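Single-structure report; data block below.
Rule-based calculations on the coordinates, nothing more; no lab input. Nothing here was measured: the structure is a model prediction, and the numbers come from that model. Because the Cβ atoms are built from the backbone with ideal geometry, glycine has one as well, and the counts that use them run over all protein chains shown.
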Amino acid sequence: HLIYSNENEIVTLVPGEVKECGVAPNQLKNSITITDNQTGLIVFMTINDYSVYSNYYSQISPPNFLSKGAIRFRTFKLNGSEQKVHLKDVSGIGDIYFWREMNEAGKRQQKWMDSFFESQNYFKAYTTASHETAIRDIRNILNNQIFWDLEEIWLIDPYLTPNDILETVLFCNKPNVKIKCLTDFSSILGNQQTREMLVGDEEEGNRFSSAKARCQKELNDAIPIDTDISLSYRTIANGYGTSFHDRYLILKYNVNKTRVWSLGISVNSLGKKHHIIQIVEAPELIADMFQEIWNETNQDVCKIYETHSQE
């Protein structure tokens with residue numbers, strides 16, 4: 001009644017010793033590696049994909065291979081103390097072979113995956129691109145990822161302003177979508193450039209309330225009462241919510257898997273300097289983390305703006 005079995009066998013050989021090891025029939029990818037313990041040099045490696053091929057029983061003979069290692073050191077001083085780093089000097093001679101077709105197939109697959117990632121805006125690198133180009137790419141991400149079950153869009157950025165919201169997530173083509181935007185006024189007001197953009201030369205004691213009022217007015221003026229979008233814009237404040245640094249665009253679906261893009265830089269600086277926008281491998285972990293912060297900001301002091309339909 002065995003359903004699944006996996007073994008990871010490590011065998012240490014000494015000079016002159018011969019051992020015979022076997023891998024039982026399976027439908028997995030099996031990796032066999034022979035490593036020289038002293039130098040760390042891999043003298044043989046093979047990966048057999050038995051999830052594709054049905055030839056379960058076969059014999060694998062490593063090639064004749066010699067390696068040598070000479071122990072040397074790099075020395076330098078760190079904070080007045082001498083440091084010694086062990087250097088591995090390895091070389092090899094012998095027969096090396098591999099399945100060229102399998103190797104080329106892997107290269108082709110990687111090339112196709114890279115093209116797919118680029119076409120889906122899963123990865124974007126900016127060096128000399130303009131801000132307008134990067135903003136357009138964000139809009140393309142939103143509208144290329146619209147599935148029937150898209151429910152919520154989250155925009156997470158400690159320097160997020162109303163103009164950033166209007167430039168990006170409001171261009172989503174999905175009707176009746178919920179939008180959650182999270183910022184951190186302490187970050188905005190603590191930076192001279194962004195503070196001047198938001199409150200000008202306002203006195204320090206009035207900056208938070210002035211920033212909140214100006215954001216509310218800007219969004220009220222821009223978004224009509226009969227809008228289909230449900231927008232909620234909050235900030236971390238007065239100990240409610242945890243300060244954060246990274247910037248994310250999160251798409252939440254009802255059935256499909258959550259998708260998360262790391263923006264690499266604040267929305268107001270997209271495309272203005274070198275940075276990367278890329279999809280995140282573990283989206284649910286990111287979404288769960290910010291859901292906790294969002295729940296903590298469910299306080300009047302944190303709520304900057306809610307669309308008229310939510311009031």
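Worth a mention:
- Here's the picture: a label point sits 7 Å out from the Cα of N295 along the beta-carbon direction, and within the stretch 229-267 the residues with their amide nitrogen under 14 Å of it are 241-242.
- Average projection area in nm² (convex hull over Cα atoms of the stretch 142-187, one quarter of hull surface): 3.2 nm²
- Amide H partners (placed H, <5 Å) of F44, local residues excluded: I34
- Phi angles across the stretch 210-225 convert, under the Karplus curve 6.51 cos²θ - 1.76 cosθ + 1.60 with θ = phi - 60°, into 3J(HN,Hα) values of 5, 5, 5, 5, 5, 5, 4, 5, 4, 6, 4, 5, 8, 10, x, 5 Hz, Gly and Pro given as x.
- Here the relative contact order of the stretch 210-272, from alpha carbon pairs under 8 Å that lie six or more residues apart, stands at 20 percent.
- Sequence-distant residues sharing a close amide H with Y305 (under 5 Å, placed H): Y233
- In sequence order, the stretch 275-290 has phi-based couplings of 6, 10, 9, 8, 6, 9, 6, 10, x, 5, 5, 5, 4, 5, 4, 7 Hz under the Karplus curve 6.51 cos²θ - 1.76 cosθ + 1.60, θ = phi - 60°, and Gly or Pro positions carry x.
- When only Cα pairs below 8 angstrom with a gap of at least 6 residues are kept, the stretch 232-306 shows a relative contact order of 45 percent.
- Karplus 3J(HN,Hα) series, Hz, for the stretch 78-87 with 6.51 cos²θ - 1.76 cosθ + 1.60 (x for Gly, Pro): 10, 6, x, 10, 6, 10, 10, 10, 6, 9
- Highest mean first, the peptides 114-123, 233-242 sorted by other C-beta atoms within 10 Å per residue fall in the order 233-242, 114-123.
- One decimal place: the segment F44-L13 gains 9.8 nm when fully extended, by the rule 0.36 nm per residue minus the C-alpha distance.
- Label-point gap, in nm, between R139 and A222 - each point 7 angstrom along Cα→Cβ: 1.3 nm
- Rg of the Cα atoms in the stretch 206-311, relative to 2.2 N^0.38 Å, amounts to 1.20.
- Residue ranges 156-162, 275-281, 226-232 sort as 156-162, 275-281, 226-232 when ordered by packing (mean number of other C-beta atoms within 10 Å per residue, highest first).
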